[in-house]
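The values are calculated or read from the model by the stated rules, or taken from the named source; none is laboratory data. Remember, predicted model here, so these are calculated numbers, not experimental data. For neighbour counting, all protein chains shown are included, and Cβ atoms are generated from backbone atoms with ideal geometry for every residue, glycine included.
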Amino acid sequence: MKIVLGSASPRRSELLSKMGFEFSILKADCTEDFNPTDSPEQIVLSIAQQKMNALKGEILPGDLLICADTIVYLANEVIGKPADEEDAMRLLHKLSGKKHDVYTGVILSYNGTSTSFSVKTSVYFRELTSNEIAHYVTNYQPLDKAGSYGIQDWIGFIGVEKIEGSYTNVMGLPTQELYLALQDFKA
C-alpha cells in the first residue's frame, strides 16, 4: 500500500520518515474551523477530519491517507499558531512558568475504512525571561508551530522542565500510537 501524508508539516514528514516509511505528501486546503466549546480531543479530530475530507478526492484506491492536527491547550483555551513575531512572544509569555497540554488527533483512511485516535501530552515550562523568548522568536522563527514553539528547538532544551506523555506528540505526530494504528491496515 502507498502511504500519503496529508500534511505540509516538516516535523510530521521527518517523524514519519524516521519511522522507516516511504510516503508522498499532500497539503490539505481547508479552513480548520472548530467549535470552541468542544473538548480538545474533539477539536483535533474535527480538524484532522476536515483535512481528510479535503484530500479524499486526490488519493487513489489502495492509498492509505494519514491526516493529523495538533493544538496547545492552556486553561481551557486553544493556543494556535501565532499571527506574527509579536504574537509569538505574547503566546510564549502566556505559557511561561505553566503546565499546558498538547493534543494531536490522527485519522487514517484506507479503501473506505478509517480509524482515528487522539493523544495528550502535558508540558511544563519553567519561567522564561523576556530575553529568552525574544531570542527564540528572532532566531528560530516559530510562526508555523502551535503554541509558538517546537519542543525539539532551543526553547525546548532550555525551557521545558518535564513532559508527561509522548515527546513526538508535542512535535505533531505521536509515532508510537501511529505505528500501532498502522498495524491494523497491514495485509
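How many residues, within segment 22-33, are surrounded by 12 or more Cβ atoms within 10 Å (Cβ to Cβ) and either closer than 20 Å to Val170 by Cα or β-branched (Val, Ile, Thr) (or both)?
The qualifying residues number 2.
Tell me whether segment 167-179 contains one or more residues that are of a type outside the set (D, E, K, R), in contact with a His (Cβ under 9 Å, 6 or more places away or on another chain), modelled with pLDDT of 95 or more and closer than 25 Å to Ala83 by Cα.
no
Six or more apart or on different chains, Cβ atoms under 6 Å: show the pairs whose first residue is in segment 70-86 and under 16 Å from Gln42 (Cβ atoms) and touching a residue at least 12 places away in the same chain (Cβ under 8 Å) and whose second is of a type in the set (Asp, Glu) and outside any loop (DSSP other than H, G, I, E, B).
Tyr73/Asp101
Identify the residue in segment 118-150 that is in a strand (DSSP E or B) and buried (at least 18 other Cβ atoms within 10 Å of the Cβ) and, among all such residues, is farthest from the chain's Cα centre (by Cα).
Ranking the qualifying residues of segment 118-150, first place goes to Phe125.
If only one of Glu14, Glu41 is acidic (Asp, Glu), closer than 30 Å to Thr138 by Cβ and out of contact with any Gly (no Cβ under 6 Å at 6 or more places or on another chain), which one is it?
After applying the criteria, what remains is Glu14.
Would you check which residues across segment 87-104 are more than 13 Å from Tyr73 (Cα to Cα), in a helix (DSSP H, G or I) and without any contact (Cβ under 8 Å) to a residue 60 or more places away in the chain and list them?
Of everything in segment 87-104, those that are more than 13 Å from Tyr73 (Cα to Cα), in a helix (DSSP H, G or I) and without any contact (Cβ under 8 Å) to a residue 60 or more places away in the chain turn out to be Met89, Arg90, His93.
Looking at segment 117-139, is at least one residue in contact with a helix residue (DSSP H, G or I) (Cβ under 8 Å, 6 or more places away or on another chain), within 26 Å of Asp29 (Cβ to Cβ) and polar (S, T, N, Q)?
Yes, because at least one residue in segment 117-139 is in contact with a helix residue (DSSP H, G or I) (Cβ under 8 Å, 6 or more places away or on another chain), within 26 Å of Asp29 (Cβ to Cβ) and polar (S, T, N, Q).
What's the total number of residues in segment 75-86 that are part of a strand (DSSP E or B) and either among the aliphatic types (A, V, I, L, M) or in contact with a strand residue (DSSP E or B) (Cβ under 6 Å, 6 or more places away or on another chain) (or both)?
2
Just the residues that are in a helix (DSSP H, G or I), small (Gly, Ala, Ser) and touching a residue at least 12 places away in the same chain (Cβ under 8 Å), please, taken from segment 1-59.
Ser13, Ser46, Ala48, Ala54, listed by residue number.
Only one residue in Leu55, Leu74 is out of contact with any His (no Cβ under 6 Å at 6 or more places or on another chain), of a type in the set (A, V, I, L, M) and at pLDDT 95 or above, so which one is that?
The conditions single out Leu55.
Being more than 12 Å from Leu26 (Cα to Cα) and surrounded by fewer than 18 Cβ atoms within 10 Å (Cβ to Cβ) is the filter here; which residues of segment 51-73 pass it?
Asn53, Leu60, Pro61, Gly62 - these are the residues of segment 51-73 that are more than 12 Å from Leu26 (Cα to Cα) and surrounded by fewer than 18 Cβ atoms within 10 Å (Cβ to Cβ).
Scan Val106, Val4 and give me the residue that is surrounded by fewer than 22 Cβ atoms within 10 Å (Cβ to Cβ), touching a helix residue (DSSP H, G or I) at 6+ places or on another chain (Cβ under 9 Å), over 18 Å from Phe125 (Cβ atoms) and modelled with pLDDT of 95 or more.
Val4
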